[in-house]
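Just below is one structure, and these are the notes that go with it.
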Amino acid sequence: INNSGAFDGGPFEQLSLETWQKVLAVNLTGPFLCARAAMPIMKAQGGGRIINIGSISAQMCRPNAAPYNTTKHGLVGLTKSIALEGRDYNVVCSILHPGNVLTERRAAGTKPQDAEPMMTVDELALTAVTMAALPLHVNVLEAIVLPTQQLYLGRG
């Protein structure tokens with residue numbers, strides 16, 4: 001499971017190149033490097049499963065989060081590329097897009113988004129385990145899991 005997430009942002013015209021590159025390195029280059037290292041191992045053993053953790057921001061962007069939004073969109077493309085190239089080798093790749101998850105950081109947070117509806121880490125993990133437990137001839141290519149009261153549909 002590739003679960004990396006650096007969040008940094010602000011108004012687009014005020015973003016530094018350093019911020020942009022840091023978020024890309026963690027959120028997109030990191031999963032690329034891990035999956036690239038796993039691919040030959042999985043091919044040699046006759047298959048395997050890679051699950052990338054995306055974000056609902058790959059579907060509905062948050063404002064002032066261009067680096068994060070961009071990397072999570074890019075992770076969708078990386079997931080589909082790996083799934084396509086791994087298909088002939090029984091290497092399955094999928095992406096799980098969580099909404100708000102109650103992490104230690106979010107629980108201690110003071111930003112307005114930290115007061116939004118949350119799901120627990122265990123509730124999210126149940127979806128990841130379900131995806132991972134599927135036989136290799138079955139894939140959930142993309143899944144969105146979020147609290148039912150979270151603003152998602154209609155958010156901008």
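For Val76, the solvent-accessible surface with a 1.4 Å probe is about 20 Å², rounded to the nearest 10.
Of all the accessible heavy-atom surface of segment 30-156, with the other protein chains kept in place and a 1.4 Å probe, what percent is carbon and sulfur? It would help to have the intermediate numbers written out before the result.
Details: 4160 of 6860 Å².
Roughly 61 percent, rounded to a whole number.
Between Thr148 and Thr110, full extension at 0.36 nm per residue minus the direct alpha carbon distance yields a gain of 11.5 nm. Springs between Cα atoms under 10 Å define the GNM used for the chain, and in it the highest mean-square fluctuation of Val91, Val121, Val145 occurs at Val121.
Computed with a 1.4 Å probe over protein heavy atoms only, the accessible surface of the chain comes to 57 Å² per residue. For the pair Cys34 and Leu134, label points projected 7 Å from Cα toward Cβ lie 1.9 nm apart. Counting only protein heavy atoms and using a 1.4 Å probe, the accessible area of Thr19 comes to about 30 Å².
Span-like helices, the chain: DSSP H, alpha-carbon axial extent 24 Å or more, mean Kyte-Doolittle -0.5 or greater, which ones? Those that pass (Cα extent of 24 Å or more, hydropathy at least -0.5) are 66-86. This structure gives Rg and Dmax of the Cα atoms in Å, computed directly, and of (i) 15.1, 44; (ii) 16.1, 48; (iii) 18.1, 73 that value is listed as (ii).
The values are calculated or read from the model by the stated rules, or taken from the named source; none is laboratory data. Bear in mind that the values here come from a model prediction, so they are computed numbers and not experimental data. Cβ atoms come from the backbone with ideal geometry, glycine included; neighbour counts cover every protein chain shown. With ligands, DNA and RNA removed, areas are computed over all heavy atoms of the protein, side chains included. Shrake-Rupley method; radii C 1.70, N 1.55, O 1.52, S 1.80 Å.
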